[in-house]
Amino acid sequence: MWHREMRADEDFEYVSLCKKGDLEAFEALVQKYQKRMLNIALRMTGSYEEACDIVQEVFVSVYRNIGGFEGRAKFSTWIHAIVMNLSRNRLKQMKARLSQEPFSLDDPLPAEDGPLRTEPVSGEVSALERLEKKELQGLVQRCVSALDGEFREVIILRDMQGFSYEEIHDMLKIPQGTVKSRLSRAREAVKDCLKRAMGEL
């Protein structure tokens, strides 16, 4: 049965070749998934450098453990579960470090495209529009980052990555009903955070 399910997995051929030591097949999987892994890790941690480290860890883990991948879930579900677990672990490490480091209000704010600085930019309208968009993205990311881990995970996977409730259930090993209730609370919390920051939307 598992073998049949694995054949339905779009990555079945690459995974089979990887198990035989085919480095080109592994590279194909890296090319396919690295951007998505980076996006998830970045949204989970808010740090580009940490996200890059996490993605590297993901693929080292995949390479080492693919021989034991039995195909009970799709390969994509398995690799996304790995990135979520490594991101959780990294967040704990980051929080431990932050509790020992001084913080300055003048530090640049993290944003998806790199640190968002508070210095004024060129007076061109297009540059201003870009800055506003970047500020909004940074604000959304800060609101998502402020969520407790269990709520942050479901909103990233569902609303930002587009996974189904069933896929999230497989990745996080929680009932679909729990996924839906956490998602509802996460959306409300992000909306409240944005309202406080920007006024009524």
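Computed extension length for K180-R88: 31.1 nm, one decimal, from 0.36 nm per residue of separation with the Cα-Cα distance subtracted. With 0.36 nm allotted per residue and the present C-alpha distance subtracted, the D53-D159 stretch has 35.8 nm of extension available. Stokes-Einstein diffusion of the range 123-201 at 10 °C, 1.306 mPa s viscosity, Kirkwood radius from Cα pairs, rounded to a whole number: 116 µm²/s.
Around V83, what is the net charge, scoring Lys/Arg as +1 and Asp/Glu as -1 over all other residues with Cβ under 13 Å from its Cβ? Result for the local shell: +1.
Centre-to-centre, using Cα atoms only, the range 139-191 and the range 1-80 are separated by 21 Å. The gain in end-to-end length when the K35 to R130 segment is fully stretched comes to 32.0 nm, 0.36 nm per residue minus the alpha carbon separation.
A short reminder: the numbers here are calculations on the coordinates, not readings from a lab. This is a predicted model, so every value here is computed, not measured. FYI the Cβ positions are ideal-geometry reconstructions off the backbone, even for glycines, and counts take in every protein chain you see.
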